[in-house]
Amino acid sequence: MRVGRTMPVVALAAAALALAGCTGAGPQAHAPSPTQTAWTEAPSATAAPGGGSTSFDANGTAEQNRTAFDTAIRGVLAGNAQADGNTVAAALKSAGFPPAATQVTASTTSANLQPGSIMVGVKIGDSCLVGQWGTAVDGYQSTVAPALGSGGCLIGGIPAVG
């Protein structure tokens, strides 16, 4: 009798192993494509890495202003994790970031739904501060990236805020 009970378990285990190979979840399935950007988790506002200030510095670089950028955005998201782009852009303006250098992606889709994430970019010199939040990403993330050839920070027909 013991063999009869063991056989179905062995057969199920073998079937599970065989099916696991059909999922395509091999080592390359999750490898980023050459066009993806590696995001780094934004530092906490209190950390101020590299001496970054929590106040915008018009003479500073994008990297030097990252803490101020993250602080302004995290302040909004602390009260509403699904805040829209205009609310975040207004907080950046209040923090001193120039509205004419700020771009945000749409806060609703063409079907009037909430997108998986929203992005905001602020061009400072030849670089951009880019932040992203929403249900499709794990919390808030930001990075400093080179400005695009178009002169903006975000791809597409995204006008400046100001």
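The table below gives the values:
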{"item": "Selected residue (only one of THR109, THR87 is over 14 Å from the mean Cα position of the chain (by Cα) and part of a loop (DSSP other than H, G, I, E, B))", "result": "THR109"}
{"item": "Whichever residue in the stretch 89-100 is of a type in the set (Gly, Ala, Ser) and in contact (Cβ under 8 Å) with a residue 60 or more places away in the chain and, among such residues, is least open to solvent (accessible area, probe 1.4 Å)", "result": "ALA89"}
{"item": "Test: residue in the stretch 131-140 that is of a type outside the set (Phe, Trp, Tyr) and more than 12 Å from the chain's Cα centre (by Cα)", "result": "no"}
{"item": "Residue that is open to solvent by 60 Å² or more (accessible area, probe 1.4 Å) and not aromatic (Phe, Trp, Tyr), where the choices are ASN59, ASN65", "result": "ASN59"}
{"item": "Residues (open to solvent by 40 Å² or more (accessible area, probe 1.4 Å) and over 18 Å from THR143 (Cβ atoms)) located in the stretch 68-88", "result": "GLY75, ALA78, GLY79, ASN80, ALA81, GLN82, ASP84, ASN86, THR87"}
{"item": "Where a residue in the stretch 65-79 is at pLDDT 95 or above and its partner, wherever it lies, is assigned to a helix (DSSP H, G or I) and polar (S, T, N, Q), with Cβ under 7 Å and at least six apart", "result": "VAL76/THR87"}
{"item": "Total residues in the stretch 112-152, condition under 18 Å from GLU63 (Cα atoms), part of a loop (DSSP other than H, G, I, E, B), out of contact with any helix residue (DSSP H, G or I) (no Cβ under 7 Å at 6 or more places or on another chain) and open to solvent by less than 20 Å² (accessible area, probe 1.4 Å)", "result": "1"}
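To keep it simple, each residue is scored yes or no on (1) touching a Pro at 6+ places or on another chain (Cβ under 7 Å); (2) at pLDDT 95 or above; (3) among the small types (Gly, Ala, Ser).
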{"position": "ALA100", "(1), (2), (3)": "no, no, yes"}
{"position": "ALA106", "(1), (2), (3)": "yes, no, yes"}
{"position": "SER110", "(1), (2), (3)": "no, no, yes"}
{"position": "GLY121", "(1), (2), (3)": "no, yes, yes"}
{"position": "ILE124", "(1), (2), (3)": "no, yes, no"}
{"position": "SER127", "(1), (2), (3)": "yes, yes, yes"}
{"position": "ALA136", "(1), (2), (3)": "no, no, yes"}
{"position": "GLY152", "(1), (2), (3)": "no, no, yes"}
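The values are calculated or read from the model by the stated rules, or taken from the named source; none is laboratory data. Being a predicted model, the structure only gives us computed values, none of them experimental. Positions of Cβ are generated from backbone atoms using ideal geometry, with glycine treated the same way; all protein chains shown enter the neighbour counts. Remember, those area values only see protein heavy atoms, side chains included, never the ligands or the DNA or RNA. Shrake-Rupley method; radii C 1.70, N 1.55, O 1.52, S 1.80 Å.
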